[in-house]
Amino acid sequence: MQFLCFPNKRKSNLNTVRNYFSICFLFFISSCSIKEKDTSVVLARVEDDVLTINQLNNSLSSQKKVDGLVKSYIYDWVDNSLLFKEAREEGFTKDKNLLEKRDLYFKKLVIGSYIESKTLSKTNISKQDIREYYTNNKESFIRSSPSASVYHFITDNHAEARSIKKLLSKKKSGESMDELFKQHNVELKTVYKNRLIDKLDLALFDRKEGPIIGPIKTSKGYHVLEVLNRFKKGSQLGLEEVYDEIYQRMLKKNQLSLLNGLIDSLKSKTNVFINASYEQ
């Protein structure tokens, strides 16, 4: 059997302390649990501890694999295996405070998973529900600052920026710009006053240039903006702009309602005591 081997070197961009200890803590939990025999391909080994491809697939989401975090995960696993082995030899796995924290953290993981299983599948939010929420709460969706819908191109080459502007000018004739947008990975987005680079902010919101702005040179390169719409402060946000926000609001509200109902049901059939003298 062949093993994937990686050189023993440290990454220059270390994780934050919080993330690092979270990884170590999760590793501690998993190391203390009973594992089924895993016969999949071994990606790394530290003495008797092995990281298999099944373990990696269970730990990393598909998006993280796409983002190229597999190698980073393997390096982290090796580092944590070494640290855990040394900590175990020095008796840290028998530390009472650590064991209590482990049990508390595991309890929270179980509760979170249980709540999700009991609420998420029962939360159905339709498009009509979202439209009705928007109609009944329009006063909640007002622009707090001027904004604009734009296509934002950035390039290091001034000649290319001028070429982009020229091509965008031909859109009026009905010429397709699909290839241009795909080439520069540009999508329609909303930008807000005072949140852009000063030169862009000035051209877009103060001088109100357009519909095609640029090229404008900044430290990041040459910018070309195509302005589709401008919106004043205090104007009404469209449903499409707040659709996801409304969905999240309704989801949380529905889940909270289901959770409260679940807890009330459990209390009704369980002997629960709360010492009122400690209530503030």
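The values are calculated or read from the model by the stated rules, or taken from the named source; none is laboratory data. Fair warning: this is a prediction, and the values are worked out from it, not measured in the lab. Cβ placement follows ideal geometry from the backbone for every residue including glycine, while neighbour counts extend to all protein chains displayed.
A few comments on the model shown:
- Evaluating TYR151 against the criteria (1) farther than 30 Å from GLY234 by Cβ; (2) surrounded by 13 or more Cβ atoms within 10 Å (Cβ to Cβ); (3) aromatic (Phe, Trp, Tyr) leaves one unmet condition, (1).
- Look at the stretch 79-108: where a residue is surrounded by 15 or more Cβ atoms within 10 Å (Cβ to Cβ) and a partner is outside any helix (DSSP H, G or I), sitting 6+ places away or on another chain with Cβ atoms under 6 Å, you get SER81/VAL46; SER81/ASP49.
- Qualifying residue in the stretch 238-247 (condition: touching a Leu at 6+ places or on another chain (Cβ under 7 Å) and not charged (D, E, K, R)): no
- Flag if ALA159 is of a type in the set (Gly, Ala, Ser), free of Cβ contacts under 8 Å to residues at least 60 places away in the same chain and surrounded by fewer than 12 Cβ atoms within 10 Å (Cβ to Cβ): yes
- Tally, over the stretch 142-194, of residues that are modelled with pLDDT under 85 and touching a strand residue (DSSP E or B) at 6+ places or on another chain (Cβ under 7 Å): 1
- Candidate set: the stretch 83-101, residues that are within 33 Å of the chain's Cα centre (by Cα) and among the basic types (Lys, Arg); chosen: the one farthest from ASP49 (Cα to Cα): LYS101
- Filter result for TYR133 (without any contact (Cβ under 8 Å) to a residue 12 or more places away in the chain and of a type in the set (Phe, Trp, Tyr)): no
- Residues that are hydroxyl-bearing (Ser, Thr, Tyr) and in contact (Cβ under 8 Å) with a residue 24 or more places away in the chain, drawn from the stretch 234-280: SER235, TYR243, TYR247
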